[in-house]
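Q: Structure in structure tokens, see below.
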Amino acid sequence: MPDADLERLSDMLAGAARVVAFTGAGISTESGIPDFRSPGGIWDKFRPIDFREFMASEDARREAWRRKFEIDPTLSAAEPNRGHRAVASLMRSGKVTAVITQNIDGLHQAAGAEGDRVIELHGNTTYARCLNCGERYELVPIREAFLGEGTLPTCKACGGIVKTATISFGQAMPEAALRAAEEATLTCDLFLAVGSSLVVYPAAGFPVLAKRNGAALVILNREPTDLDGHADLVLNRKIGDTLGTVANVN
Ligand code: NAD
């Protein structure tokens, strides 16, 4: 990156009072988790199972859990990288007020970002929940019963269907997270979109909302995005090095 761009990003961060970091799969590729749209990733191996199918069919639920446990070794081996550490550091210093993430990998929290200020728009794949009563379940016993006896998880409290705590295609977005994301977006003065192709809605609506509300918009992504025309600064750069440098984090 030309030094002028790096300086501009540093200046914008220094001049901002409330920064929202909005992150997508690109921030986690340096942790070894493939992103969604780059070819050959684990995510494009399978046709997604949408929510209606998951609810309607035991076979679909079985297939969803089989895939989950096939993908899991990649996810559980992943550790936060320099980009996650930079975001966590900017949060600790009070610069970043909230992280809005499309990621489901829990790596912002693992890097030290405060859990209640990490807004997960698409849920979290590191645990499961009952779809009826919301009871939380850990994955280890579910995996043992599924791989051992082929048992599908059901809720011990209410008998409901248990699913990873992620949002599937066709599943309602989490209302509280959407509200929190909107509030953070409308109260920031700098919105930093990092590692997202900015095509998955409603998540991709937040950068434009921030800009329309008067915040500055920075897009940091290896490739151009459809929203580049709205941005005050576009950086087609590697995330870890860029954020690590401006946040002074290794
Ligand atoms: P995406 O795959 O559509 O876009 C990721 C973008 O990041 C790409 O444009 C790519 O060029 C860029 N990128 C990748 N590595 C980079 C790096 N090191 N430096 C700079 N740029 C880099 O991701 P999305 O917009 O987040 O949409 C994908 C959807 O799939 C999301 O809704 C998310 O829920 C889900 N998903 C999550 C994870 C995860 O939790 N880690 C991984 C894959 C997909």
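Q: May I ask you to verify whether E183 is open to solvent by 70 Å² or more (accessible area, probe 1.4 Å), without any contact (Cβ under 8 Å) to a residue 12 or more places away in the chain, in the same structural domain as G26 (by TED's automatic domain parsing) and not aliphatic (A, V, I, L, M)?
A: Judged against the criteria, E183 is a match.
Q: For the structure I just gave you, tell me whether A21 is modelled with pLDDT of 95 or more and either aromatic (F, W, Y) or not in a helix (DSSP H, G or I) (or both).
A: Yes, satisfied.
Q: Okay, moving on. Out of the residues in segment 162-173 that are crowded, with 17+ Cβ neighbours inside 10 Å and more than 14 Å from the ligand (Cβ to nearest atom), which is farthest from D50 (Cα to Cα)?
A: V162
Q: Just checking, which of A98, A111, A176, A210 is modelled with pLDDT of 95 or more, open to solvent by 40 Å² or more (accessible area, probe 1.4 Å) and among the hydrophobic types (A, V, I, L, M, F, W, C)? Walk me through it before giving the result.
A: Values: A98 fails: open to solvent by 40 Å² or more (accessible area, probe 1.4 Å); A111 fails: open to solvent by 40 Å² or more (accessible area, probe 1.4 Å); A210 fails: open to solvent by 40 Å² or more (accessible area, probe 1.4 Å).
None of the other options fit; the residue is A176.
Q: Is it true that some residue in segment 129-143 is in the same structural domain as F206 (by TED's automatic domain parsing), in contact (Cβ under 8 Å) with a residue 40 or more places away in the chain, closer than 22 Å to S168 by Cα and surrounded by 13 or more Cβ atoms within 10 Å (Cβ to Cβ)?
A: Our first condition is that a residue be in the same structural domain as F206 (by TED's automatic domain parsing); within segment 129-143, this holds for none.
Checking segment 129-143: not a single residue is in the same structural domain as F206 (by TED's automatic domain parsing), in contact (Cβ under 8 Å) with a residue 40 or more places away in the chain, closer than 22 Å to S168 by Cα and surrounded by 13 or more Cβ atoms within 10 Å (Cβ to Cβ).
Q: Conditions: (1) more than 16 Å from V99 (Cα to Cα); (2) more than 16 Å from the ligand (Cβ to nearest atom); (3) not basic (K, R). A184 meets all but one. Number of the miss?
A: Failed condition: (1).
Q: Could you list, in sequence order, the residues of segment 43-63 that are surrounded by fewer than 19 Cβ atoms within 10 Å (Cβ to Cβ), modelled with pLDDT of 95 or more and of a type in the set (A, V, I, L, M, F, W, C)?
A: F51, M55, A56, A60
Q: Name the residue that is farthest from the ligand (Cβ to nearest atom), counting only residues in segment 213-238 that are in contact with a Gly (Cβ under 8 Å, 6 or more places away or on another chain) and open to solvent by 10 Å² or more (accessible area, probe 1.4 Å).
A: N221
The values are calculated or read from the model by the stated rules, or taken from the named source; none is laboratory data. Note that the coordinates shown come from a computational prediction; the quantities given were computed from them, not determined experimentally. Using ideal geometry, Cβ is built from the backbone for each residue, glycine included, and neighbour counts are taken over all protein chains shown. For accessibility, only protein heavy atoms count, side chains too; no ligands or nucleic acids. Shrake-Rupley method; radii C 1.70, N 1.55, O 1.52, S 1.80 Å.
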